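Structure, as structure tokens:
Taken together, the values in this text are just the output of simple stated rules run on the coordinates, not laboratory data. All values reported here derive from a predicted model rather than from experimental measurement. Cβ atoms come from the backbone with ideal geometry, glycine included; neighbour counts cover every protein chain shown.
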Amino acid sequence: MSSENTASAPEKIKISSKGKRVFGFLFDLIIGVLMINSANQLFKPDNWDLSTTPQSTNLVVFYGGLLTWLILRDIFPFNSPGKLILGMSLRNLKAIENQPAWFTKIFRNLFLILLPVEVLFLLMDPYARRWGDKTVQSVVIDHPGALRVPMRLLLANLILFGFFFGAILFQDNIIKKSSAYQTALQQLKHHQPLLEQIGDFEESKKPEMDFDFSAQPPTAKIQIQVKGKLGSRIVNMNLLRQPSEQTEEWHILQIELSPQEESP
């Protein structure tokens, strides 16, 4: 009789600790920052380095996008990535086996606009419930069917390294969309000292750029490997952005040529 009662007993519910809640939120915050930066890099327009958009506007777009992500992050079936990685689940307090509806999740996260107040509520509440949780009657518990710890660690690394790999993958495309790169490339195709060393210009590869938009006027440093029929050279260039008749343009200040080191 006792064995039957034990077998049919419901699994014990464990409230997620405050530490897990904080780390889960920080992971979601990092994912949000990486998503916004990745989208910003991926959808850069041509000649993006000639933009004169005020820094305040860029900050509004960044923080607005980040807040939007934090509000919508729990609408997935597994809730947010941070909860998935740390083995947590958002549940309805009155029906603990169910998750809140998607619109309830969004309303709950709207309270993150008052982030300091939410943190204070979470730290003071014995069940780690923030103001949004209390308003919509929700609670975060340790997921009974969470992935095993090694799988969660692997998933976290795949997510983070996926963003970094994507940034590296699209770096060349972002550089080649810049007006500074296009200006430098056109200059090199007609730069006589370079053509005398490499012959007819064939291709450029492995561009590296360093912009300083805080300088007045803005500056850029470019390193490009160029190849011709007679050989290859590494070219270092310094550029300066100055006003022209209708807009601003990049102007070449200095060009340095150096032989490309042979691979061992």
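Numbers at a glance
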{"item": "Cα gyration tensor of segment 153-264 - equivalent ellipsoid semi-axes, whole Å, descending", "result": "28, 23, 11"}
{"item": "Loop GluC sites (Glu not before Pro), segment 167-264, which have at most 10 other Cβ atoms in a 10 Å radius of their Cβ (DSSP)", "result": "Glu245, Glu261, Glu262"}
{"item": "Net charge dipole size for the chain [Lys, Arg +1 and Asp, Glu -1 on Cβ; Debye, nearest 20]", "result": "1380"}
{"item": "Relative pair counts by distance (%), Cα atoms of the chain, 5 Å bins", "result": "1, 5, 10, 12, 11, 10, 9, 8, 7, 7, 6, 5, 4, 2, 1, 1, 1, 0, 0, 0"}
{"item": "Calculated FRET value between Asn58 and Lys134, using beta carbons and R₀ = 51 Å, to 0.05", "result": "0.90"}
{"item": "In sequence order, calculated HN-Hα J values of segment 111-127 (Karplus, 6.51, -1.76, 1.60; Hz; x Gly/Pro)", "result": "5, 5, 4, 9, 4, x, 5, 4, 4, 4, 4, 4, 6, 8, 7, x, 9"}
{"item": "Label-point separation, Glu203 to Leu115 (7 Å along Cα→Cβ), nm", "result": "4.5"}
{"item": "Backbone HN-Hα couplings from phi across segment 62-76 [Karplus 6.51/-1.76/1.60, Hz, Gly and Pro as x]", "result": "4, 5, x, x, 5, 5, 4, 4, 5, 6, 8, 5, 9, 6, 6"}
{"item": "Spatial separation of Cα centroids for segment 42-102 and segment 131-205, in angstrom", "result": "19"}
{"item": "Farthest positive-ward along segment 41-103 dipole, Cα basis, beta-carbon charges - from Gln99, Val61, Gly82", "result": "Gln99"}
{"item": "Theoretical FRET efficiency, 1/(1+(r/R0)^6), r = Cβ-Cβ of Leu50 and Met151, R0 35 Å, to 0.05", "result": "0.15"}
{"item": "Nonlocal amide H pairs with Ser138, under 5 Å, H built at 1.01 Å", "result": "Leu93"}
{"item": "Low-density loop cleavage sites - trypsin sites (Lys or Arg not before Pro) in segment 163-264, where at most 10 other Cβ are within 10 Å (DSSP)", "result": "Lys229"}
{"item": "Estimated FRET transfer efficiency when R0 is 30 angstrom, pair Ala95-Leu67 (beta carbons, to 0.05)", "result": "0.55"}
